[in-house]
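The values are calculated or read from the model by the stated rules, or taken from the named source; none is laboratory data. Everything numeric in this text was worked out from a predicted model, so none of it was measured. Reconstructed Cβ throughout: ideal geometry from the backbone, glycine too, with neighbour counts over all protein chains shown.
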Amino acid sequence: MTATRTLTYREAIREALREAMQRDERVFLMGEDVGRYGGAYACSKGLIEEFGEARIRDTPLSESGFTGAGIGAALGGMRPIVEIMTVNFSLLALDQIVNTAATLRHMSGGQFSVPVVIRMATGAGRQLAAQHSHSLECWFAHVPGLRVVAPATVADARGMLWTALQDPDPVIMFEHATLYNDEGEVASEGEVACDLDKAAIRRAGKDVSLITYSGSLKKTLDAAQRLSAEGVDCEVIDLRSLRPLDDATIMSSVNKTTRAVIVDEGWRSGSLAGEISARIQEQAFYSLDAPVERVCSVEVPIPYPSHLEMAATPHAEGIMAAVRKTLRK
Amino acid sequence: MNDLELTDMVKRVLFDVAPDLEGETVDPDIPFREQFEFDSMDFLNFIIGLHQASGIQIPEADYPQLAGLDDCVAYLKARNV
Amino acid sequence: MPSLGADMDEGTLVEWLKQPGDRIHKGDILAVVETQKGAIEIEVFSDGVLRDCLANPGDRVPVGEVIAMLDSGKASAAPTGNAALAPVADARASLEPLVPGRKVTPAARRLARESGMDISRIVPDGTGVVGLQQVRTHAETTAPPAGPTGRTDLKEMRKAIAAAMARSKREIPHYYVSSDIDVTALMDWLAKENAARSVADRLLYAVPLFGILARTLLETPELNGHYEAGEFSPSQSVHAGIAIAMRGGGLIAPAIRNVAGKSLDELRLSLTDLVGRVRSGRLRSSELSGASVTFSNLGENTADTLMPIIYPPQVAIIGCGQIATRPWVKDGEVQIRQIMSITVAGDHRVSDGRSAARFLSRLEKHLATPEVS
């Protein structure tokens, strides 16, 4: 049993940033308010004092501009971590991300690669209303040339960044905005960097496979806990990697349980849940004892009032109802 | 639905439950239990069929009102089926 | 193969007059069979589509063996006379039978195929779906199909039962013990339970009653098992033969396996399935053996008590009379209660009145607390 220590998600990100900067002098952080302000979510608090303005760079309010600059730095041999405050603002940088970062290797015939890591906060739950509550991970997971990860636990928040920086191609890392204050365990010693490839079984079970990622993991585990009191034994899978998806872990689980419920904070239409549902249908059809259920956000712009925001996004009751549907209870 | 349609619907449910009765005349006044030796399982299957065909809820307390063909038609009519 | 004469044991199939895929109407002649009395035509009594011919010309087929399978789908919307659609219809005919309106999950279909079960016979759950659970329940309640053999027609079954009943009364020293039991608590509990269930999931009182009878029997093993060659072998589980009346006369008692271990809904579905198949003559002869005890429930509007006859080689049979509303002394005063008379008939070579009395006394306690029994 390795010794562990308790950290918040925010502290884990900060530690990961510090470790990356210490281990590799090519690594630097750039984004709005990351320097003097310490980060919109306080992830880089204290870093500018430690590493200086050259390596913790405040950028102008221009996502397209500074993301492009980060891509350029990566092309030039640096290892930039571009922090886009939230996925909502990444829409302004989509052209850079999709048409430059994701495609340069292909378009250059392998001559150029773009080893950029783009970190973004994402998701709803803080009453930031329609324009600031998107979960658009599926848009990025749609694009070949990008690698997309979503650390849902403190250990993953701590361990994914270094591995992402080793990737010679772009990695997008999504941090759900409601996770920053969460506490979790991280190993006290040894290498904490973890893999980016495999989904993790957060709770083993035999009756139904609950497949989720990021901010929805907690709600899914809560639903699983409550369902166990009803005699339903849920298996909970944390996807961790959204592109590529870990089909093997997903299908192994569904083949065992014969039922699947996917919990995805994106809107149902064109969702990642839809993609996973299609894959389950392709690879595990004959194991299914019920149609695959999806628990997604209601198809409305995310509301501002707290009670409506909660009702519009996945919640434990909705997850439990979907599970019962697969059991035909 | 009019009386004829309701009668047809009830009869269809009846013959679903007891296919061997198809083709026999159904006396609308006499309770099914007497006419056809219906037991409680036949009757429950009949109620389930009626519920599925008509879409209305049928509480257990109402069973005595569904004893025969005429009774059923009157019951369904009163509930705007 | 129908019995075309009292002394007919078998017939020889001469020729098929219909082919698989043919639409059949009530009254059509299906095949010609040679018997001791000459060539006789076999008539069909329902509409449908001939699916399989299970015997070949020249085969000698015993009376009661299935010789053909007919799909009598209700409300079938099969397109007729449309040549463009014909190839699709043929492809569908080669799959497992598709019963219109029935939902079968891929996992269930696969398990049924692997187990050699006929999907069309499996009772769907309350939502109309045949899932893995339904296939498993079906496997438990029915013996694996032995193909065309192993199924007998009802008339032959009744003859066999009549002979068994006569033998039983001759050979088994019956004793009878009965009790009038207050089942008001059970009926009150049932009304509440049914009010919470959808119409399709409602329970007849026989369902919880049989469950409680079975679990109480486990406590009195000398009433549950077989007596053969001078020895009693108790059964570990309660496989209860359920006496079911056939319309047109006659009683038959096929078994539901492991009644004590089944949930209310599993029992409900097993019972519905069994009664349905008795009525449509689709029982397997294997279901008539294997019971470790029999429950004979007279039902409503019948009579108060019965003195049932044990089906050998079983050693007991439990008869339940109708539920009657009667004045009853409870808590020191006269109340109106619902009373059922339950009679245990036992084989005196294996048990005696005290076993039955013990059983009835425990049963009374369990029936008074239906929510935990």
- Message: Condition first: in a loop (DSSP other than H, G, I, E, B) and farther than 16 Å from A:Ile276 by Cβ. Can you find one or more residues in segment A:223-230 that meet it?
- Response: yes
- Might you check whether a residue that is at the interface with chain C (Cβ under 9 Å from one of its Cβ atoms) and without any contact (Cβ under 8 Å) to a residue 40 or more places away in the chain occurs anywhere in segment B:62-79? no
- Message: If I ask for residues that are more than 24 Å from the chain's Cα centre (by Cα), more than 22 Å from C:Thr127 (Cα to Cα) and without any contact (Cβ under 8 Å) to a residue 60 or more places away in the chain, which ones from segment C:175-219 would you list?
- Response: C:Asp188
- Message: I'd like the full set of residues that are β-branched (Val, Ile, Thr), within 20 Å of the chain's Cα centre (by Cα) and in a strand (DSSP E or B), limited to segment A:46-96.
- Response: A:Ile81, A:Val82, A:Ile84, A:Thr86
- Message: Could you check segment C:135-161 and list, in sequence order, the residues that are more than 10 Å from chain A (Cβ to nearest Cβ), in contact with a helix residue (DSSP H, G or I) (Cβ under 8 Å, 6 or more places away or on another chain) and at pLDDT 80 or above?
- Response: C:Arg136, C:Thr137, C:His138
- Query: Within segment A:254-302, how many residues are away from chain C (no Cβ under 11 Å), more than 28 Å from A:Val87 (Cβ to Cβ) and surrounded by 18 or more Cβ atoms within 10 Å (Cβ to Cβ)?
  - Reply: 0
- Message: Against the condition over 19 Å from C:Gly299 (Cβ atoms), in a helix (DSSP H, G or I), touching a helix residue (DSSP H, G or I) at 6+ places or on another chain (Cβ under 7 Å) and within 14 Å of chain B (Cβ to nearest Cβ), how does C:Ala200 come out, does it pass?
- Response: yes
- Looking only at segment A:129-145, decide whether some residue is more than 23 Å from A:Cys43 (Cα to Cα), surrounded by fewer than 22 Cβ atoms within 10 Å (Cβ to Cβ) and in contact with a Gly (Cβ under 7 Å, 6 or more places away or on another chain). yes
- Counting just the residues of segment C:310-329 that are surrounded by 15 or more Cβ atoms within 10 Å (Cβ to Cβ) and out of contact with any strand residue (DSSP E or B) (no Cβ under 7 Å at 6 or more places or on another chain), which one comes out farthest from the other protein chains (Cβ to nearest Cβ)? C:Pro312
- Is it the case that A:Gly205 is part of a helix (DSSP H, G or I) and among the small types (Gly, Ala, Ser)? no
- Task: Return yes or no: is A:Leu210 touching a residue at least 12 places away in the same chain (Cβ under 8 Å), outside any loop (DSSP other than H, G, I, E, B), more than 29 Å from A:Ala102 (Cβ to Cβ) and not polar (S, T, N, Q)?
- Result: yes
- Task: Determine, yes or no, whether C:His366 is in contact (Cβ under 8 Å) with a residue 40 or more places away in the chain, more than 15 Å from C:Tyr176 (Cβ to Cβ) and not β-branched (Val, Ile, Thr).
- Result: yes
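Sort out which residues of segment B:18-39 are part of a helix (DSSP H, G or I) and at the interface with chain C (Cβ under 9 Å from one of its Cβ atoms), and write them in order of number.
B:Pro19, B:Asp20, B:Leu21, B:Arg33, B:Phe36
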